[in-house]
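Heads up, the thing below is written out as structure tokens.
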Amino acid sequence: MDMIPQLMEGSSAYLGTSNLSINANILSSSGTTATQPPSSSSPSANSSRYENQKRRDWNTFGQYLRNHRPPLSLSRCSGAHVLEFLRYLDQFGKTKVHTTICHFYGHPNPPAPCPCPLRQAWGSLDALIGRLRAAFEENGGKPETNPFGARAVRLYLREVRDTQSKARGVSYEKKKRKRPVPTLSASSSSAVASHQQFQMLPGTSSTTQISNLEK
């Protein structure tokens, strides 16, 4: 593991390019905490950017396996090794996650600094796992043996999401769409009006009211 941080310094000795650093590539996904202005690029440009990011993430994970002690082959990689990788990335995180004893626990915008640790944002990790899961199968891996789709990884991401949402006071729950109220057609409206008129006729029996309406 001691060789991985050299990627943070832009070293090209391992992957043949200076752009394959964990900090610059894995953490530049759409799930980071920094707010970026909306892009007006074309769908093809967005697709190309996604493919480039996915390739860099895949190369970086491969370098992580090679630097593992002992070195790991992709065929022996399991969900447990993926969790090791995600926890390792926390040291490069930029998201403040307050502890339960912190005065700012549950505060989305703390007014002052605190000693709570920095972690990877849940959105960054979730997007990263999605790209690596796709890259695994694109590189010949079978879906049933995909370590990035392991149940332990899904549970870990869910735990990170829940912990960060409570610590930062941010809700990640999707808002339920309100069903539109059905509008009455002209024929339905006239039928309702006739029914209301029928109910409002005083002092007559139901048979008399029906005969009066038919006249």
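The values are calculated or read from the model by the stated rules, or taken from the named source; none is laboratory data. Treat the numbers as computed from the prediction; the structure is a model and nothing was measured. Neighbour counts run over all protein chains shown; Cβ positions are idealised from the backbone, glycine included. What goes into the accessible areas is simple: the full protein's heavy atoms, side chains included, and nothing from ligands, DNA or RNA. Shrake-Rupley method; radii C 1.70, N 1.55, O 1.52, S 1.80 Å.
Here are some notes:
- Failed item, numbered, when Q91 is tested on (1) open to solvent by 80 Å² or more (accessible area, probe 1.4 Å); (2) farther than 25 Å from R158 by Cβ; (3) of a type outside the set (D, E, K, R); (4) in a helix (DSSP H, G or I): (2)
- The single residue among F104, F92, F136 that is under 16 Å from W58 (Cα atoms), more than 14 Å from the chain's Cα centre (by Cα) and among the aromatic types (F, W, Y) turns out to be F136.
- Test: residue in the stretch 93-100 that is among the small types (G, A, S) and either modelled with pLDDT under 95 or touching a strand residue (DSSP E or B) at 6+ places or on another chain (Cβ under 8 Å) (or both): yes
- Residue in the stretch 107-120 that is assigned to a loop (DSSP other than H, G, I, E, B), surrounded by 20 or more Cβ atoms within 10 Å (Cβ to Cβ) and not hydrophobic (A, V, I, L, M, F, W, C) present: yes
- Once the stretch 156-167 is narrowed to residues that are open to solvent by 70 Å² or more (accessible area, probe 1.4 Å) and without any contact (Cβ under 8 Å) to a residue 40 or more places away in the chain, the residue that is farthest from the chain's Cα centre (by Cα) is E159.
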